[in-house]
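Engineer: Questions regarding the structure given below will be posed in turn.
The values are calculated or read from the model by the stated rules, or taken from the named source; none is laboratory data. Keep in mind that this is a model prediction, so the values were computed, not measured. All Cβ positions, even for glycine, are placed from backbone atoms using ideal geometry, and neighbour counts span all protein chains on display.
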Amino acid sequence: MSAIGGVLTNLIIVLALAPLFDGVLRKLKALIHSRQGPPITQSYTDLLKLLGKEDIQSGGGPIFRLAPIMVLGAMLVAVLFTPLGGKPPLGGSGDTIVWIYVISLAAVAIMLGAFASGNPWAMEGASREMMMLLSVEPIVIAALVTAGVKAGTLSMGGIIDWQFAHGASMSMIFAGIAFFLALQANLCKLPFDIVEAESEIVEGPIIEYSGPRLALYKMAFYVRQLVFPLVLVSIFIPWPMVSLYPLSVLVTLVKVLVVLLVVGLIECVNPRLRIDQSMNYMSRVLFVALAGLVFAAIGV
Amino acid sequence: MACVSPEQLLFTAFGLLTLGALVSIAGRNWRSTGYTAVVFAGAASVALWILAADAIVGGEVNTPEYLRLGAIGASLTFHIDRLSAVFLLLVPLIGLAALLYSVEYMNHVHRNASAARYYPFALLLLASITGVVTTSNLFYFFIFWELMTLTSWALVWFDREDEKKVRAAWQYFVATHIAAACMLVAILIIYTRSGSFAFADAAATVGTMVRTSPWLAHILVALFFIGFATKAGMFPLGGWLPQAYPAAPSPATATFAGTMTKLGIYGIVRVLFEFFRVPELTTVWGGIIATLGALSIFVGTLAALREDDAKRMLSYSTIGQIGYMLLGVGTGLFFLRSVPALAAVALIAALYHLLSHACSKSLLFLNVGAAEYQTGTRDLNKIGGLGALMPVSMAAAIIAGLSIAGIPPFSGFVSKWLIYQSTIQGGIRAPMFLILALVAMFVSLVTLAVLMKLIGVMFLGKLSTAGKRVTGDVPATMRIPQEILAAVCVLLGVVPILPLLLLYRAAQDVLGAGFVPAFGGLFGSNPSGIALNVGAGTAGVWNPAYTLVALIFCALLAYAISRSAHAPMRVTETWYGGEEADPEHVRFRAHGFVLPFKEAFSKVYPSVSLPKIAAFQSIQKVLNLDTWVYGPIVNAGSRLTGRLSRAHSGIPQLYMLWQVIGIIAVLALLFIMLK
């Protein structure tokens, strides 16, 4: 029963607040650009507008129609495996590896939808999405495996308990730094928004989607923008520890806001990297993550 | 089944398959021969499934001795424990599916060849595989193994017109026979030490051998391992696989991928876990096998990414996935003494991956065969957009592809999750396994890239010119096997508890009943999911049923959001940047998929790209077994047989001269021997 309550709480909080966080980021970008910018509720109105627009289909069959639903569906399931102020609601059904692979399921749905649309730019976008996945996921995997090795278990709840009991350690600091450095690419923000490079491949995998299906994609991206920082702050920076659940949720969201503000700042002052440049950068970040793993193996 | 004894079932199966093979030799018409073969194989499969059910429910099954060759102490005994039962369930399924598929496939694609060159060998292949997994006498094990190699070679050699395919078959022959020779040497060493060929005696012999001459025990393990790893297709012994698999017809390749490579793993598990269970051997060889498995994963999958021929790509991917199974087996061997729970979990993980990979890889080969049936080509740069016309094949390909890539909730995810968990838990105790775990998890993403390339280019997108002549989906007898295998993949993923129970019993039979902790302690008490515990608390959880419910709920929520404003729908043309373009000119070619990544990892297999240090260059040359072991042997064999073939001049008088010389030689030999 409490699991269902936790499921609904996570879903409602994330669905309600994800566009708000995106609005805050757009306001930050505007302030840095010395302009007024949209109100922070602009993302809500954008989504509402898109929901009512014409749904244009260019062929592609059932895969084309199903892909956006699966992308948002998989991201929402990932939300259920993400800790938000406590243990993840479906923590008894999936651990860190499940979380990583459910997010890969969303990426698979993006790629299948892109291939199904039959547009060469979409397929180029799918190819870039795969390469970003290949270069960034090893860092996420290494960081989370480090946490698993320290805690002796891979379940998120167990890792969080271990962090509370044991405090900061060298390997977790390295893993946290690596996860943070990879965060920019995971959220597809500049300088790593290669997948949706507007000026190069015209929105990439989502080029053929419009109206409500485009709204689903945008919602999925907003949700992704919350899920990764949530894991970062819950697993690697769980302090201060608050026992009251609503207060703990509030503290977590404030921490996520701080992380997202840093992400937005980096986004505003950087150009886009080429795919090979970003793969080079990620391989260097992988060394940081592997250093964390080595420290964990020797017990530091 | 008290009325029919196990040996009667087994011999019924053998008899039906052999009879079917004999009947197929007289076959004229592809369709009639095919259906006859399917009927015989179906009856034999039913007998084998009943036998497997007997063994699973009733416990291990032993049969009396047959064909006793007293002079050399070899007798044909069969011992069917639950590990054999797992294979007796899997092999007839894959074999029957491939045979049903081949009825229409061979009729269309190879219509100019004779049916008598295919069906007898396919049926005898199934019979010899049954013999390999059930026998408990090393002599007959080797005989069945050789039969399996010869029948599969006849299938690889099917298309005798093509020069490259004949060369590939020759390479397969040489590679597997070098491996079989290694195995024969090891079997003979055991025989000279113990005086018998029975499995049971071999374990005791090895026990004494480790105390008296441990280096000999290591050599024995190495010989057996080379023999089985070549058959399994592990890097660097698996160089024959990407040559031989594309040369055989697609249903035959599906049978090979689903059954024969797995027999290498069966051999390793049977021999190493039963005969060689001494701590000095298991720790060393566990580490070696796990490392070679990780190497195989890395090299095989990266080489698959390079390919544009669909079947070669899948063959390299098979080399990679065999590496996962070897990683599980190696982890199990390594922790056999120190953490038995972990060893059991690792072994069960490897066997689960075996089941999942057998079903999904053979399904993928059948899908590629379906595309080849329709368009006549396997080149991924030329095929495109077949999904609209072949929806069943596309759905089956997506299920199989996502299963191999290890995406929840399909079968490959359960097995890969178990392998990751066991290697990470092993890594907590022995840090070397952490690197292997990371390699396994990274290459899982590369596998996803390989399968995305295959499925996305072949079935999705715009129809290519090669696909313009496709009118509809493949015939029903080609669709049904794909549907059945896809259903098995989904079942293995969503309801893991039943296969886990079966494999747990199999692990109990292999490792010994008291060795393994209780099932509830290892995998948790929730029947819908797995809560892994290797002795230090909950290591990880995965509940596919709840996750699937959550996924369906979230997908419905997403659908409800998208339809909440009742937006109108309109169909229009694909947008090519405002220009009018012929779809064939702007179609995304398979070669371009993840091209920068490929270039970063270029030239991985068969030659590893390493910095130009002299020592590495020579290691590179050594690892390329094709150039200095298999290649020269194959060339020398061709030259020798070429010279010998000149004796067949066609002049009868010359033949009679050879006969006279031969008779004189034999008489002289007898005279000398009997004197």
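Engineer: Report yes if A:Pro68 is at the interface with another protein chain (Cβ under 9 Å from one of its Cβ atoms), crowded, with 23+ Cβ neighbours inside 10 Å and within 23 Å of B:Phe588 (Cβ to Cβ), otherwise no.
Structural biologist: Criteria met by A:Pro68.
Engineer: Here are some conditions: (1) within 20 Å of the chain's Cα centre (by Cα); (2) more than 14 Å from chain B (Cβ to nearest Cβ); (3) part of a helix (DSSP H, G or I). A:Pro246 meets all but one. Which one does it not meet?
Structural biologist: (1)
Engineer: Which of the residues belonging to the range A:256-300 are within 12 Å of another protein chain (Cβ to nearest Cβ), charged (D, E, K, R) and without any contact (Cβ under 8 Å) to a residue 60 or more places away in the chain?
Structural biologist: A:Asp276
Engineer: Additional query: Taking helices (runs of 4 or more DSSP H) that fall entirely within the range B:221-313, which contain at least 1 residues that are surrounded by fewer than 24 Cβ atoms within 10 Å (Cβ to Cβ)?
Structural biologist: B:241-247, B:261-274, B:279-306
Engineer: Do we find that B:Gly520 is over 25 Å from A:Ala220 (Cβ atoms), free of Cβ contacts under 8 Å to residues at least 60 places away in the same chain and away from chain A (no Cβ under 14 Å) in this structure?
Structural biologist: It is true that B:Gly520 is over 25 Å from A:Ala220 (Cβ atoms), free of Cβ contacts under 8 Å to residues at least 60 places away in the same chain and away from chain A (no Cβ under 14 Å).
Engineer: If you check A:Glu196 against the conditions, is it at pLDDT below 90, away from every other protein chain (no Cβ under 11 Å) and under 30 Å from B:Ile399 (Cα atoms)?
Structural biologist: Judged against the criteria, A:Glu196 is a match.
Engineer: Another one. Among the candidates B:Ala55, B:Ala44, B:Ala74, which residue alone is more than 18 Å from B:Val510 (Cα to Cα), surrounded by 14 or more Cβ atoms within 10 Å (Cβ to Cβ) and in contact with a strand residue (DSSP E or B) (Cβ under 7 Å, 6 or more places away or on another chain)?
Structural biologist: Being more than 18 Å from B:Val510 (Cα to Cα), surrounded by 14 or more Cβ atoms within 10 Å (Cβ to Cβ) and in contact with a strand residue (DSSP E or B) (Cβ under 7 Å, 6 or more places away or on another chain) holds for just one of B:Ala55, B:Ala44, B:Ala74, which is B:Ala74.
Engineer: Check whether at least one residue in the range A:200-210 is hydrophobic (A, V, I, L, M, F, W, C), farther than 18 Å from A:Val300 by Cβ and in contact with a Lys or Arg (Cβ under 6 Å, 6 or more places away or on another chain), and report yes or no.
Structural biologist: No, the range A:200-210 contains no residue that is hydrophobic (A, V, I, L, M, F, W, C), farther than 18 Å from A:Val300 by Cβ and in contact with a Lys or Arg (Cβ under 6 Å, 6 or more places away or on another chain).
Engineer: Moving to a separate point now. Residues being under 30 Å from A:Ile298 (Cβ atoms) and among the basic types (Lys, Arg): count how many of those fall in the range A:101-157.
Structural biologist: Number of matching residues: 1.
Engineer: Let me ask something additional. Can you pull out the residues in the range B:262-276 that are under 10 Å from the mean Cα position of the chain (by Cα) and within 15 Å of B:Phe225 (Cβ to Cβ)?
Structural biologist: B:Leu263, B:Gly264, B:Ile265
Engineer: Still on this model: With crowded, with 18+ Cβ neighbours inside 10 Å, more than 8 Å from chain A (Cβ to nearest Cβ) and under 15 Å from B:Trp417 (Cα atoms) as the only criterion, which of B:Leu532, B:Leu503 stands out?
Structural biologist: It is B:Leu532.
Engineer: Also, quick follow-up: Quick check: anything in the range B:41-53 of a type outside the set (A, V, I, L, M, F, W, C), modelled with pLDDT under 90 and on the phi < 0 side of the Ramachandran plot?
Structural biologist: Checked the range B:41-53: no residue is of a type outside the set (A, V, I, L, M, F, W, C), modelled with pLDDT under 90 and on the phi < 0 side of the Ramachandran plot.
Engineer: Okay, moving on. B:Ile80 is checked against (1) surrounded by fewer than 21 Cβ atoms within 10 Å (Cβ to Cβ); (2) closer than 19 Å to B:Phe142 by Cα; (3) at pLDDT 85 or above and fails just one. What number does that condition carry?
Structural biologist: Going through (1) surrounded by fewer than 21 Cβ atoms within 10 Å (Cβ to Cβ); (2) closer than 19 Å to B:Phe142 by Cα; (3) at pLDDT 85 or above one by one, B:Ile80 breaks only (1).
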